[in-house]
Amino acid sequence: MTKIVNHWIGGKPVERAESAEGGAGTYGPVTDPATGAVTTKVAFAGVAEVDAAVAAAKDAYASWGTSSLARRSAILFAFRALLDAHRDEIAALITAEHGKVHSDALGEVARGLEIVDLACGITVQLKGELSTEVASRVDVASIRQPLGVVAGITPFNFPAMVPMWMFPLAIACGNTFVLKPSEKDPSAAVRLAELFAQAGLPDGVLNVVHGDKVAVDRLLEHPDVKAVSFVGSTPIARYIHTTASAHGKRVQALGGAKNHMLVLPDADLDAAADAAVSAAYGSAGERCMAISAVVAVGAIGDELVAKIRERAEKIKIGPGDDPASEMGPLITAAHRDKVASYVTGAAAQGSEVVLDGTGYTVEGRPEYANGHWIGLSLLDRVPVDSDAYRDEIFGPVLCVLRVDTYDEGVALINGSPFGNGTAIFTRDGGAARRFQLEIEAGMVGVNVPIPVPVGYHSFGGWKDSLFGDHHIYGNDGTHFYTRGKVVTTRWPDPSETPTGVDLGFPRNH
């Protein structure tokens with residue numbers, strides 16, 4: 001029997017908004033990437049469903065926006081406890097619809113929990129400032145207040161973590177939230193909403209609507225949505241930023257990446273090779289912080305490539321629910337075919353194909369014959385004008401480029417239109433210090449291949465990897481989901497007599 005995933009509006013599952021005309025709502029397919037079989041149908045929202053979710057959030061904001069920090073914190077702590085208790089269940093939902101191995105899915109839930117932890121302590125982040133006696137008996141206070149209804153649009157690659165980068169902070173700050181998760185793997189988002197409701201979150205504070213561009217566009221233009229958070233590809237991030245900004249909304253839109261790892265001649269090549277394989281092929285390369293380009297400096301290139309190949313050939317690829325699997329399938333057959341095209345066309349554009357994983361199948365398991373499988377690919381001496389280098393592939397394909405000097409490597413990396421994350425591997429502290437100051441990227445790793453910041457520091461890139469002024473979570477997240485207000489107060493002393501009318505500036509001295 002095919003599973004049905006409906007919207008979550010006003011604290012309950014909703015198939016179709018009451019104001020919508022006609023019969024049953026539109027549904028889209030969700031496949032099991034390991035088998036290729038359609039296992040789930042997900043409701044697609046039209047304008048009526050999105051409007052119903054925004055209306056529920058607006059109604060809830062009337063009381064949630066003025067609720068006490070103590071109440072919000074208590075509910076968040078209860079949600080955190082439930083999330084911790086159900087982490088295996090949520091990871092299993094991720095594996096079933098995304099395909100990533102269970103250990104990777106558990107890691108995703110754990111990183112989402114970091115932001116819930118941050119939200120539980122939001123009282124510290126929301127403290128204001130007070131200056132007394134700025135003039136005679138005049139005090140000035142700065143406070144931060146919630147925005148109202150805010151929305152999040154999240155990608156398929158982290159169906160639990162990225163939503164938790166958004167809604168816990170937004171809700172902790174006093175906003176209400178409408179989430180539009182990826183229609184490719186929607187179950188985790190709904191389960192998170194159910195757990196939050198179980199923790200005591202009032203109806204309408206968190207709503208989930210599924211769908212495609214129709215739902216997205218309605219959120220971007222809806223007059224009651226005050227801010228939009230997005231994580232996805234650069235073309236869509238640019239569209240989200242342009243469209244939502246044109247409708248007067250605050251926007252943080254995180255786009256794509258082409259993350260480089262610069263390996264200097266003095267680096268520990270075994271550690272660098274381990275890091276390159278882990279960062280390039282983890283989660284099948286379907287993550288915006290994956291290392292997709294290794295830049296080898298000097299004469300180390302041949303040895304480094306050999307070490308990467310040796311490790312890559314040992315990676316176990318299989319279904320995500322098999323404990324022996326280290327990498328699972330890709331999300332859809334269409335995406336698998338697109339990723340494969342970069343490998344099959346690489347030699348004609350000047351690359352040396354060291355490993356070609358495009359023909360991978362799960363041997364001896366006919367039930368997986370139609371899964372979205374692809375093996376690990378490694379391309380060496382990749383030209384900078386080739387498609388494999390210029391595009392964000394978002395799959396298990398690692399490009400290796402060769403340069404003669406550190407300066408050439410930095411110039412190559414800074415020449416990329418993307419600026420999400422980057423890393424350097426070296427034993428030279430002076431070179432590492434130069435790199436972190438000279439490189440044009442928002443997140444930098446020194447002997448750390450995937451420099452994703454912890455929850456209390458903010459995540460975000462530069463250039464075409466970020467549209468908007470705010471990074472996500474951390475202090476930037478709190479500032480994004482609140483707006484500042486300055487209050488100037490004068491209380492006259494009971495014995496003070498009126499001074500009369502004065503049309504000049506207030507006296508501060």
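Filtered by the rule that a residue be of a type in the set (Asp, Glu) and either under 15 Å from Ser377 (Cα atoms) or part of a helix (DSSP H, G or I) (or both), segment 327-364 gives Asp337, Glu352, Asp356. Based on this model, can you work out whether Val251 counts as of a type in the set (A, V, I, L, M), open to solvent by 20 Å² or more (accessible area, probe 1.4 Å) and more than 22 Å from Glu97 (Cα to Cα)? No; evaluated as a whole, the condition is false for this residue. All conditions in (1) modelled with pLDDT under 95; (2) loosely packed, with under 11 Cβ neighbours inside 10 Å hold for Gly430, with the sole exception of (1).
Filtered by the rule that a residue be free of Cβ contacts under 8 Å to residues at least 60 places away in the same chain and surrounded by 15 or more Cβ atoms within 10 Å (Cβ to Cβ), segment 449-461 gives Pro453, Ser458. Name the residues in segment 451-509 that are under 24 Å from Ser131 (Cα atoms) and among the small types (Gly, Ala, Ser), would you? Correct list: Gly484, Ser495, Gly504. Considering segment 346-373, and only residues there that are in contact with a strand residue (DSSP E or B) (Cβ under 8 Å, 6 or more places away or on another chain) and of a type in the set (Asp, Glu), the residue that is surrounded by the most Cβ atoms within 10 Å (Cβ to Cβ) turns out to be Asp356.
Across segment 106-125, the number of residues qualifying as over 16 Å from the mean Cα position of the chain (by Cα), among the small types (Gly, Ala, Ser) and open to solvent by 10 Å² or more (accessible area, probe 1.4 Å) comes to 1. Can you find even one residue in segment 146-160 that is under 16 Å from the mean Cα position of the chain (by Cα) and open to solvent by 40 Å² or more (accessible area, probe 1.4 Å)? Checked segment 146-160: no residue is under 16 Å from the mean Cα position of the chain (by Cα) and open to solvent by 40 Å² or more (accessible area, probe 1.4 Å).
Looking at segment 366-467, the helices (runs of 4 or more DSSP H) lying wholly inside it that each contain 1 or more residues that are more than 18 Å from Ala290 (Cα to Cα) sit at 406-414, 429-438.
Scanning segment 297-321 for residues that are touching a residue at least 40 places away in the same chain (Cβ under 8 Å) and among the charged types (D, E, K, R) gives Arg309, Glu313, Asp321.
Checked against (1) open to solvent by 60 Å² or more (accessible area, probe 1.4 Å); (2) without any contact (Cβ under 8 Å) to a residue 12 or more places away in the chain, Ala324 passes all but a single condition, namely (1). Residues that are open to solvent by less than 10 Å² (accessible area, probe 1.4 Å), at pLDDT 95 or above and more than 25 Å from the chain's Cα centre (by Cα) occur at least once in segment 408-419. Working only within segment 185-212, note down all residues that are open to solvent by less than 20 Å² (accessible area, probe 1.4 Å) and among the polar types (S, T, N, Q). Of everything in segment 185-212, those that are open to solvent by less than 20 Å² (accessible area, probe 1.4 Å) and among the polar types (S, T, N, Q) turn out to be Ser187, Asn207. All conditions but one from (1) touching a Ser or Thr at 6+ places or on another chain (Cβ under 8 Å); (2) within 30 Å of Ala334 (Cβ to Cβ) apply to Ser416; the one that does not is (1).
Scanning segment 467-475 turns up at least one residue that is surrounded by fewer than 17 Cβ atoms within 10 Å (Cβ to Cβ), in contact (Cβ under 8 Å) with a residue 12 or more places away in the chain and either farther than 23 Å from Pro235 by Cα or in contact with a Cys (Cβ under 8 Å, 6 or more places away or on another chain) (or both).
Cβ-Cβ contacts under 9 Å between residues 6 or more apart (or on different chains), taken from a first residue in segment 118-133 that is in contact (Cβ under 8 Å) with a residue 60 or more places away in the chain to a second residue that is part of a strand (DSSP E or B) and open to solvent by 60 Å² or more (accessible area, probe 1.4 Å), are listed as Gln125/Arg144; Leu126/Ile143; Leu126/Arg144.
Considering every residue within segment 268-280, establish whether at least one is touching a strand residue (DSSP E or B) at 6+ places or on another chain (Cβ under 8 Å), open to solvent by 10 Å² or more (accessible area, probe 1.4 Å), assigned to a loop (DSSP other than H, G, I, E, B) and more than 22 Å from Ile374 (Cβ to Cβ). Looking through segment 268-280, at least one residue is touching a strand residue (DSSP E or B) at 6+ places or on another chain (Cβ under 8 Å), open to solvent by 10 Å² or more (accessible area, probe 1.4 Å), assigned to a loop (DSSP other than H, G, I, E, B) and more than 22 Å from Ile374 (Cβ to Cβ). Go through segment 44-96 and give me each residue that's acidic (Asp, Glu) and open to solvent by 60 Å² or more (accessible area, probe 1.4 Å). Of everything in segment 44-96, those that are acidic (Asp, Glu) and open to solvent by 60 Å² or more (accessible area, probe 1.4 Å) turn out to be Asp59, Asp84, Asp88, Glu89. Only one entry in Ala237, Ala257, Ala215, Ala244 is open to solvent by less than 40 Å² (accessible area, probe 1.4 Å), within 30 Å of Val403 (Cβ to Cβ), in contact with a strand residue (DSSP E or B) (Cβ under 7 Å, 6 or more places away or on another chain) and part of a helix (DSSP H, G or I), namely Ala237. Restricting attention to segment 218-232, the residues that are of a type outside the set (A, V, I, L, M, F, W, C), closer than 14 Å to Phe167 by Cβ and open to solvent by 10 Å² or more (accessible area, probe 1.4 Å) total 0.
Of Val294, Val339, Val343, all but one fail to be in contact with a Cys (Cβ under 9 Å, 6 or more places away or on another chain), open to solvent by less than 20 Å² (accessible area, probe 1.4 Å), within 15 Å of Pro396 (Cβ to Cβ) and in contact (Cβ under 8 Å) with a residue 12 or more places away in the chain; the exception is Val294.
Scanning segment 197-212 for residues that are over 17 Å from Asn6 (Cα atoms) and part of a helix (DSSP H, G or I) gives a single hit, Gln198. Scanning segment 471-497 for residues that are in a strand (DSSP E or B) and either charged (D, E, K, R) or at pLDDT below 95 (or both) yields Arg483, Lys485, Arg490. Does Ile308 satisfy being in a helix (DSSP H, G or I), crowded, with 24+ Cβ neighbours inside 10 Å and either at pLDDT below 95 or out of contact with any Cys (no Cβ under 8 Å at 6 or more places or on another chain) (or both)? So Ile308 fits the description; yes.
The values are calculated or read from the model by the stated rules, or taken from the named source; none is laboratory data. The shown structure was predicted, so the numbers you read here are calculated from the model rather than taken from an experiment. Neighbour counts run over all protein chains shown; Cβ positions are idealised from the backbone, glycine included. To get the accessible areas, we keep the full protein, side chains included, count just its heavy atoms, and leave off ligands, DNA and RNA. Shrake-Rupley method; radii C 1.70, N 1.55, O 1.52, S 1.80 Å.
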